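Before any comments, here is the structure.
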Amino acid sequence: MCNNGDILSEILSYLPVKSLWRFKTVVKSWQDIIGSWAFVKLHQENYCNNCSNDKGILVQVYDGTTYKWKLLTKYIDCSKLCRQSMLDADFMEPIRRNEIPFYQRMVGPIDCLICIHRIDRNTVIALCNPSLARTLFLPISPISWNRNSDAYQRYVGFGFDIHKDLKVVQLFILDYDGKPRVEIYSQSTNTWKELDHEIHNDMHVKNSIMPYKNGSSSFSHWLAFKQLRQTDGANYSLLSFNMQNEVFERTSVPHCVHDAEYERQVKLRFLAG
Amino acid sequence: MAPKNKNPNGENVVPEVQQKKTQALILKSSDGEEFSISKSAAGLSVAIKNMMEDDCAGGVIPLPLVDGGTLARVITYLNKHAEDGASDEDKRKFDEEFLSGMEVDVLCDVALAGNYLDIRGLFHDVCQRIVNGMKNKSVEWVRKTFRIESDFTAEEEEQIKKEYAWAWEGVDSDAD
């Protein structure tokens with residue numbers, strides 16, 4: 001019964017995470033199905049998108065003895081914090097001794113996935129489904145950049161286009177004026193490409209902003225600001241990247257926000273409705 | 001409901017649109033049973049719709065991967081969903097009752113047929129139904145119900161169970 005592998009994957013992909021971990025011991029072929037990255041995508045479509053409540057929490061904690069970040073998950077109906085061993089494995093470059101551990105950022109979750117990356121350019125970006133303990137490592141962008149010495153900030157966003165292709169966008173905002181650099185990765189081609197864009201030289205970006213709920217996963221958002229003259233404060237806006245047509249869009253924010261002197265005095269969130 | 005059209009002799013006239021909808025075609029199961037179904041109901045299956053557009057087999061569509069019993073169930077579903085005037089609420093109630101009496105074997109057959117005939121709504125509902133029945137069950141229940149023989153050694157199984165003990169919390173008893 002149900003010996004059609006594709007149909008079986010589909011059926012199992014409607015199961016909650018807790019059942020999946022248990023049913024990995026039904027038979028080895030089920031363990032293989034549930035452990036595959038293809039299944040992570042199916043589960044995201046069939047379970048995560050139809051699940052109306054938050055079912056678990058994710059804790060990211062820095063371990064001072066191993067110099068690594070650990071990810072821990074807990075499901076609301078389970079009594080214990082369940083550590084999933086795979087995730088504290090060596091999947092990110094270990095943070096070096098004496099290095100401040102905060103050079104690593106976590107973006108998400110969007111559709112059950114989180115993205116973990118360091119802020120320096122030539123380091124791995126990891127996309128991770130913490131519930132199923134599956135991680136996808138993106139290839140490092142091979143695009144050469146002759147301004148390596150410049151100081152910059154790396155921001156990463158991810159989402160899905162209409163064909164369910166996973167896309168990851170990385171922005172390098174230069175500390176000194178200069179056109180930001182944008183590169184985009186597509187999972188279907190497994191390649192990076194540089195993107196021409198309209199972001200101005202003096203635009204700065206802070207804080208990636210998560211969509212209110214799943215389903216808005218075709219956009220990545222950041223709080224952006226443009227430093228005006230010292231006395232005038234900054235000019236803030238919402239910067240969004242559309243995974244569909246690969247262009248940036250800007251949404252203005254209420255005018256009084258511009259009085260805020262520093263970007264850390266402004267926070268932006270999405271609402272339902 | 002729209003008032004019925006009558007011709008000058010007082011007979012009911014079926015509007016042209018509806019005539020087109022009620023045209024029938026024949027679906028033939030793997031074991032040779034034939035079922036008559038309206039084109040509008042059959043068209044809810046993307047696969048049958050494509051076959052109708054290709055106009056194959058002059059009104060008889062063979063479905064070699066679906067047996068008669070399963071096809072009868074699928075047709076019941078399609079007829080309800082093609083019914084004029086059935087509200088979404090009616091359809092939801094129907095789906096609930098339609099699936100609630102089925103054993104897992106039958107549900108799996110309907111899932112296969114729903115996938116093969118590309119009826120997304122049916123396929124989704126059946127998967128959801130199968131999963132609702134099994135999500136709180138034990139591993140042993142799943143093996144028995146799906147007639148699967150474990151290929152784990154007792155030690156391997158114990159090891160995983162120890163590591164992910166939280167996933168074994170609050171499992172239903174196998175008694176019911």
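The values are calculated or read from the model by the stated rules, or taken from the named source; none is laboratory data. Remember, predicted model here, so these are calculated numbers, not experimental data. Quick reminder, even Gly has a Cβ in these numbers, built from the backbone with ideal geometry, and neighbours come from all protein chains shown.
Details
- Test: residue in region B:74-91 that is polar (S, T, N, Q) and under 15 Å from B:Q128 (Cβ atoms): no
- Test: residue in region A:187-194 that is touching a residue at least 60 places away in the same chain (Cβ under 8 Å), buried (at least 17 other Cβ atoms within 10 Å of the Cβ) and within 24 Å of A:M210 (Cβ to Cβ): no
- Residue list for region A:12-28, filter: farther than 17 Å from B:G133 by Cα and more than 8 Å from every other protein chain (Cβ to nearest Cβ): none
- Among the residues of region B:60-99, those identified as out of contact with any strand residue (DSSP E or B) (no Cβ under 9 Å at 6 or more places or on another chain) and not in a helix (DSSP H, G or I) are B:L65, B:D67, B:E83, B:D84, B:G85, B:A86, B:S87.
- A single entry from B:D95, B:D105, B:D125 fulfils the requirement of being of a type in the set (D, E) and either closer than 20 Å to A:L42 by Cα or buried (at least 21 other Cβ atoms within 10 Å of the Cβ) (or both): B:D125.
- Residue that is modelled with the lowest pLDDT [pool: residues in region A:1-16 that are among the hydrophobic types (A, V, I, L, M, F, W, C) and in contact with a Cys (Cβ under 6 Å, 6 or more places away or on another chain)]: A:M1
- The criterion of being in contact (Cβ under 8 Å) with a residue 60 or more places away in the chain and of a type outside the set (A, V, I, L, M, F, W, C) does not hold for B:D151.
- Members of region B:100-143 that are of a type in the set (D, E, K, R) and either more than 10 Å from chain A (Cβ to nearest Cβ) or touching a strand residue (DSSP E or B) at 6+ places or on another chain (Cβ under 8 Å) (or both): B:E103, B:D118, B:R120, B:D125
- Filter result (at pLDDT 75 or above and part of a loop (DSSP other than H, G, I, E, B)) within region A:48-64: none
- Selection from region A:115-134 of residues that are farther than 25 Å from A:K74 by Cα and among the β-branched types (V, I, T): A:I119, A:T123, A:V124
- Residues of region B:144-162 classified as more than 12 Å from A:T25 (Cα to Cα), in a helix (DSSP H, G or I) and facing chain A (nearest Cβ under 9 Å), total: 1
- Any hit, region A:79-96, residues being more than 26 Å from B:E169 (Cβ to Cβ), out of contact with any strand residue (DSSP E or B) (no Cβ under 9 Å at 6 or more places or on another chain), at pLDDT below 60 and exposed (fewer than 13 other Cβ atoms within 10 Å of the Cβ): yes
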